[in-house]
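Here the structure is laid out as structure tokens; the discussion comes afterwards.
We did not get these values from a lab; they are worked out from the coordinates using the rules stated. Computed from a predicted structure; not experimentally measured. Heads up, the Cβs are rebuilt from the backbone with ideal geometry, glycines too, and the neighbour counts pull from every protein chain shown.
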Amino acid sequence: MRLLSFVLCFMFLSVSVWAQQEELDSLQQLLHKQADDTSKVNTLNELSYVYYQTAVYDSELYYAQQALNLSQKLNWKRGMAVSLKNIGSACDDMGNNSDALYYYGRALNIFSSIDDKSGVSACYNNMGLVYRTIGNFSEALKNHYASLKIKEAIGDRNGIALSYNNIGVVLNAQKNYAEAIKNHLAALEIRKALGNKRGIASSYGNMGNVYQAQGNYAEALKNYEQTLKIEEEIGNKVGMTTALNNMGAAYYELGDYEQALQHNTDALRIAEEAGDLSSIAASSINTGNVLVKLKQPQAASEWLQKALEIGKEIGEVEVIKNSYEGLSQADSALGKYNDALQHYKMFISYRDSLINEENTLKTVQLQMQYEYDKKDAIARAVQEKKDEVTRQEVQKQKLLRNSFIAGFALMLALAAVSYRSYVRKREDNLLIEKQKLLVEEKNKEITQSLNYARHIQAAVLPNHSNINALLKNYFILYLPKDIVSGDFYSVLQNNGRVIVAAADCTGHGVAGAFMSMIGTSLINQLVNEKNITTPAVILDELNEGIINALKQRQGFSNDGMDIALICLDHQKKQLQFAGANRPLWLFRNHELLVVKPDKYPIGGMQVAHTTQFTNHVIELQTGDSCYLFSDGFADQFGGEQGKKLMSKRFKEYLMVMQHLPMDKQKEQLEQLFHSWKGACEQVDDVLVVGIKI
């Protein structure tokens with residue numbers, strides 16, 4: 001029976017491959033005959049889609065890019081949108097998640113501009129899949145619900161089923177099993193009615209995943225067998241690989257390790273033929289876990305390490321998490337207890353990043369919003385009946401009014417009894433009220449003074465119209481803790497060079513604001529009057545100016561500031577940097593370069609130091625992103641446990657949003673900051689300056 005099953009599988013695969021090759025040949029012949037018009041754009045996009053079906057992702061990307069180039073030449077918006085969506089799909093297939101989101105976002109904007117609802121829905125769906133891959137479940141659900149809403153409006157039943165399916169997958173990952181099954185059953189019912197075999201197979205497989213997660217392995221195997229049977233019929237390699245992997249995992253949980261290993265081996269063979277990295281990683285994890293049980297820990301470790309490397313390459317958080325869990329067990333079996341502990345810690349870290357209270361809350365909110373929108377239409381339909389009930393309520397109100405009159409009379413009687421006590425207390429209350437008014441007046445005066453000081457400080461800071469003329473693509477996130485701020489920024493021009501500084505003065509509020517005024521004045525004087533543009537020299541002179549202005553050598557003050565300062569020469573494409581306790585972060589091609597500052601401040605306790613500040617010179621490339629900032633963002637307390645946000649998480653935020661324009665980066669950073677802070681008090685002034693080259 002096993003041999004027959006394999007032969008049938010081979011026959012269906014051969015027929016499917018032959019049919020797809022025939023379609024490719026037909027499209028290639030048509031392509032060579034076509035002129036450079038919209039029909040050729042469609043043919044190029046069709047070729048891209050066929051290569052997606054055959055898992056030849058480099059060809060999928062190539063033809064989508066060719067389609068984009070031609071549609072841009074023709075200025076055909078719909079062709080551009082479809083091409084961008086296909087490029088995003090190819091990036092997604094090759095594990096390049098940030099680029100996939102970037103291209104899907106561009107496609108979404110064009111589909112929206114031409115009112116192509118189907119295209120908009122497809123982009124939302126694909127973006128949801130990418131967010132699910134990187135473990136951002138709240139964003140995944142947000143996009144899938146947006147896609148579902150459009151599909152329902154246009155009556156796309158296949159699309160509705162697909163959205164239910166994808167929502168169910170995310171809910172399963174969040175361990176919301178009841179809602180996950182509910183969504184998968186809804187998808188299965190629609191797909192059966194439409195005769196969509198590929199969709200039916202997917203629904204059975206996803207329900208099997210939910211049952212497996214619940215520990216119901218017998219029910220899971222029934223669903224996986226249904227999936228495998230259909231995938232063999234239609235010759236879907238990726239689907240066959242997934243089904244075999246899932247069956248192997250179920251047999252593993254049932255303790256049938258030989259069957260588990262056989263299914264994993266079959267899955268790995270098909271996945272390698274298709275070049276499907278995600279399935280190869282899943283097969284490798286399952287094989288490693290089985291080999292641990294079969295007392296072959298060294299071989300298991302090699303398989304799990306392979307899976308980990310693939311997971312990191314394609315950015316799939318679930319693969320990374322499961323690889324670390326398996327490696328901890330293999331290391332333990334090998335007696336490598338330190339390695340086992342480290343791998344287990346990494347597993348816990350990735351597991352907790354996928355399932356946390358914030359994601360769960362956002363999931364519930366999204367589900368409630370969707371249900372609300374659905375029920376709102378029904379609520380409007382029954383409004384007339386409610387109006388009738390309201391008219392009946394008016395009669396009841398009359399009775400209540402009469403009761404109120406009687407109650408009011410009783411209240412007057414009680415008031416008379418209480419009046420004497422009131423008179424006695426009135427004088428005391430008047431005194432308290434006078435004191436309260438006095439305090440309020442003083443507070444009002446102080447607040448007015450601070451608001452006036454804020455206007456003065458804002459006038460000293462650079463005008464945004466001037467900044468726009470000097471920096472074309474930038475943002476400045478400026479969030480004072482109090483009304484006035486101890487952080488300040490400068491943007492100046494001298495001799496064709498642009499000087500940008502981000503400073504953090506000692507303290508915040510009024511004390512910090514005074515220091516910021518002194519710092520701003522000195523920097524303006526050094527650049528505009530003394531024509532100094534070298535960052536290290538500016539910091540040396542600024543240090544001396546602060547010491548002299550505050551008479552610090554005589555011991556009058558220990559105040560100072562930390563600062564990061566750059567000089568941009570756009571003509572030479574060169575950047576110079578010097579820093580006093582504040583670094584420069586530069587992102588290039590999704591990699592971070594940290595330029596470290598000198599470890600002493602401007603002014604303050606280091607009046608006796610004679611070391612000059614270091615001047616760093618960096619050759620720039622188009623697309624580089626530079627960031628200067630105070631410590632307020634990273635030092636903010638919040639999150640689930642009330643801990644600091646920290647520089648590591650700050651770097652991760654910036655890394656994820658590198659594909660976004662600078663104004664969108666500012667919006668995202670501000671939202672992330674307030675989300676992290678939550679109900680906690682802001683601990684310091686916040687300043688972040690971002691510049692795209």
Handout entry: Charged-residue dipole, Cβ positions (Lys, Arg, Asp, Glu), the stretch 464-692 about Cα centre, Debye nearest 20
Key = 420
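Figure the gain on full extension for Glu313 and Asn42 (residue separation times 0.36 nm, minus the Cα-Cα span) and round it to one decimal in nm. Write out the running numbers ahead of the final one.
Working: separation 271, 0.36 × 271 = 97.56 nm, distance 3.17 nm.
Gain on stretching Glu313 to Asn42: 94.4 nm.
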Exercise for the section: Using Cα positions and a limit of under 18 Å, work out the lysines in reach of Lys599, with same-chain residues fewer than 8 apart set aside. Expected result: none
Exercise for the section: Could you compute the FRET efficiency for Asp352 and Glu440, with r as their C-beta to C-beta distance and R0 at 56 Å, rounded to 0.05? Expected result: 0.75
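Nearest 0.05, what FRET efficiency do Lys551 and Lys345 give at R0 = 45 Å with Cβ-Cβ as r? Before the final figure, lay out each step's value.
Values: r = 52 Å, r/R0 = 1.16.
FRET efficiency, Lys551 to Lys345: 0.30.
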Completion exercise
Treating every alpha carbon of the stretch 28-115 as one equal point scatterer without solvent, the Debye formula yields log10 I(q)/I(0) values at q = 0.13, 0.20, 0.26 Å⁻¹ of -0.37, -0.85, -1.24
Exercise for the section: Within 10 Å, count the other beta carbons around each residue, average over each peptide in 274-280, 467-473, and list them highest first. Expected result: 274-280, 467-473
Handout entry: Estimated distance in nm for a label pair at Glu529 and Thr622, the labels positioned 7 Å out from Cα along Cα-to-Cβ
Key = 4.1
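Between Glu233 and Leu74, what FRET efficiency comes out of the Förster formula 1/(1 + (r/R0)^6) with R0 = 45 Å and r the beta carbon distance, rounded to 0.05? Walk me through the intermediate numbers first.
Numbers: r = 41 Å, r/R0 = 0.90.
Between Leu74 and Glu233 the formula returns 0.65.
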Fill in the blank from the handout: Residues of the stretch 611-638 with backbone N under 16 Å of the label point set 7 Å from the Cα of Met655 along Cα→Cβ are 625
Practice task
Determine the alpha carbon to alpha carbon distance for each of Lys472/Lys643; Lys472/Lys551; Lys73/Lys472; Lys237/Lys321; Lys306/Lys643; Lys117/Lys197 and list only those over 32 Å.
Solution key: Lys472/Lys643; Lys472/Lys551; Lys306/Lys643
